[in-house]
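Beneath this line is the structure, given in structure tokens, with notes to follow.
The values are calculated or read from the model by the stated rules, or taken from the named source; none is laboratory data. The structure presented is a predicted model; accordingly, all values stated were derived computationally and were not measured. Backbone-built Cβ (ideal geometry, glycine too); neighbour counts: all protein chains shown.
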Amino acid sequence: MKVREIMTTPVITAPADMPVGDLAELLAKRRITAVPIVDSDGAVIGLVSEYDLMARPGKTAADVMTRGVITVDQETEVDDVRFLLVERRIRRVPVMNGREMVGIISRSDIVRLMALHWICEACGESARGDAPPAQCPRCAAAGERFVQEPLHPGM
């Protein structure tokens, strides 16, 4: 599965000169935990998280933002992003299409994907994803034959 299939879009962004108080208000009102910081051309130049706001002194986004943000292409495999999030111990990654930011993918997007479990009523084949497969890979039944089942703990 590709990142473009599960990423969050559109992305809320902020300019580098946004005051820290306004950033805190933006995160609180939108119920998000971080915001990409963009320049006047829309290019990602940093990211401000709740942690950054609490731990770093400064007056503007540019003062407190994390620089050198890791990004991924929208065609990146979700498993590759999962590995990146775990190994680099980061919580979210902006998703790019060339130089344009088209979404953001976070740990919660991947956890949500893991929680959706589909079963083919015809043959019992299972699949995971935001939606059932268009066709069962085992018996070729139509996607409508898949029903959603909750994933049990430990699976």
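Some notes on this structure:
- Condition met for T76 (in contact with a strand residue (DSSP E or B) (Cβ under 8 Å, 6 or more places away or on another chain), among the polar types (S, T, N, Q) and surrounded by 15 or more Cβ atoms within 10 Å (Cβ to Cβ)): yes
- Any chance R99 is in the same structural domain as A28 (by TED's automatic domain parsing), surrounded by fewer than 19 Cβ atoms within 10 Å (Cβ to Cβ) and of a type in the set (D, E, K, R): yes
- If you go through the range 35-69 and pick out every residue that is under 11 Å from T13 (Cβ atoms) and touching a residue at least 40 places away in the same chain (Cβ under 8 Å), you end up with 7.
- Residue count for the range 36-71 under the criterion of being among the charged types (D, E, K, R) and within 24 Å of D109 (Cβ to Cβ): the result is 3.
- Scanning the range 14-35 for residues that are under 20 Å from I110 (Cα atoms), crowded, with 19+ Cβ neighbours inside 10 Å, of a type outside the set (S, T, N, Q) and not assigned by TED's automatic domain parsing to the domain that holds G129 turns up at least one hit.
- Residue, surrounded by the most Cβ atoms within 10 Å (Cβ to Cβ), within the range 102-127, restricted to residues that are charged (D, E, K, R) and farther than 17 Å from A34 by Cα: E125
- First in the range 97-113 and more than 12 Å from V81 (Cβ to Cβ), second anywhere and hydroxyl-bearing (S, T, Y) and outside any strand (DSSP E or B), Cβ under 8 Å, 6 or more apart: M101/T13; M101/T71; V102/T9
- Looking at the range 113-152, the strands (runs of 3 or more DSSP E) lying wholly inside it that each contain 1 or more residues that are among the aliphatic types (A, V, I, L, M) and farther than 20 Å from V78 by Cβ sit at 116-120, 146-150.
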